[in-house]
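Heads up: the structure comes next, in structure tokens.
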Amino acid sequence: VMGRHAGYIAIETSIALGAVGVALIEMPFDKEALFARMNALRAQGQQSFIVIVAEGMGSEFGEALTKEIEERTGIESRFARPAHIVRGGTPTLRDRSLASVMGDKAVDLLLAGKSDLVICSRNNEVIATDIKWALIVDRMFKDKLKDGDLDSFTQEQIDDMKALCAERRAYFENMYDIML
């Protein structure tokens, strides 16, 4: 599924579909555990399985995993890449509402002469964040910081970035535990 460098869509899709496994860049992926889980469920009578792979795992990962599932478990397997087809789905009520609130916030900030901000939803609150700060937090979360990236930030800002990264990691760990 879509998500290139972020597994949010993959993990939430996995939970919504009742997938037996998910591979995303934010969490270690244990193929052996997946094969064991699938074999155990098949022994209990389950006949169909869904495994979700985030786009960020690489373009060949999903197809290779499909072949390996069939080879290692004997379960007939098919690969599908819904990717951008899924993006064309109908927005939910929450999607529409959040987009409206974010748009309203963006217009208010522009009218107040503020720019270089990104509108985010954090802890169920719509907030504006400095775009440079947001981009650096994203790099920090993905362990892709470059020399000098943090030089223009205070220690308090860096601590806030680290705290947000810890929240994101906890989110993925919690969602992953729910999925399994």
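The values are calculated or read from the model by the stated rules, or taken from the named source; none is laboratory data. The model shown is predicted, which means the values in this text are computed figures rather than measured ones. A quick note on method: Cβ atoms are made from the backbone with ideal geometry, for glycine too, and the neighbour counts reach across all protein chains shown. Please note that ligands, DNA and RNA were not included when accessible areas were found on the heavy atoms of the full protein model with its side chains. Shrake-Rupley method; radii C 1.70, N 1.55, O 1.52, S 1.80 Å.
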Inset, instruction - In vacuum, with every alpha carbon of the stretch 1-103 counted as one equal point scatterer, what does the Debye formula give for log10 I(q)/I(0) at q = 0.14, 0.23, 0.25 Å⁻¹? Two decimals, please. - result: -0.59, -1.29, -1.45
Inset, instruction - With all protein chains present, calculate the accessible area of Ile50 using a 1.4 Å probe and round the result to the nearest 10 Å². - result: 70 Å²
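Give the accessible surface of the chain per residue, rounded to a whole number of Å², with probe radius 1.4 Å and ligands, DNA and RNA excluded. It would help to have the intermediate numbers written out before the result.
Values: 11630 Å² over 180 residues.
Result: 65 Å² per residue.
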Legend entry - Portion, in percent, of the accessible area of the stretch 45-160 that falls on carbon or sulfur, probe 1.4 Å: 50 percent
Inset, instruction - Taking 7 Å along the Cα-to-C-beta vector as the label spot, tell me the Lys132-Ala33 distance in nanometres, rounded to one decimal. - result: 4.0 nm
Legend entry - Selected from Arg37, Arg94, Arg168 as most flexible by GNM, with the chain as the system and alpha-carbon contacts under 10 Å: Arg94
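Among residues other than Leu145 whose Cβ falls under 12 Å from its Cβ, what is the net charge (Lys/Arg +1, Asp/Glu -1)? Could you put the intermediate results ahead of the total?
On the way: positive: Arg139, Lys142, Lys144, Lys146, Lys162; negative: Asp138, Asp143, Asp147, Asp149, Asp151.
With Lys, Arg at +1 and Asp, Glu at -1, the net is 0.
Apply the a/c threshold of 1.5 to the C-alpha gyration tensor of the stretch 60-177 and tell me whether it is rounded, prolate or oblate. It would help to have the intermediate numbers written out before the result.
On the way: a/c = 2.65, a/b = 1.54, b/c = 1.72.
In terms of gyration-tensor shape, oblate.
Report D for the stretch 39-86 in µm² per second (integer): Stokes-Einstein, Kirkwood Rh on Cα pairs, 37 °C, 0.692 mPa s.
Details: Rh = 11.9 Å.
It comes out at roughly 276 µm²/s.
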Legend entry - Difference of contour (0.36 nm per residue) and Cα-Cα distance, Thr92 to Lys144: 15.4 nm
Inset, instruction - Take the alpha carbon atoms of the stretch 74-143, find their radius of gyration, then divide it by 2.2 N^0.38 Å using N residues; give the quotient. - result: 1.60
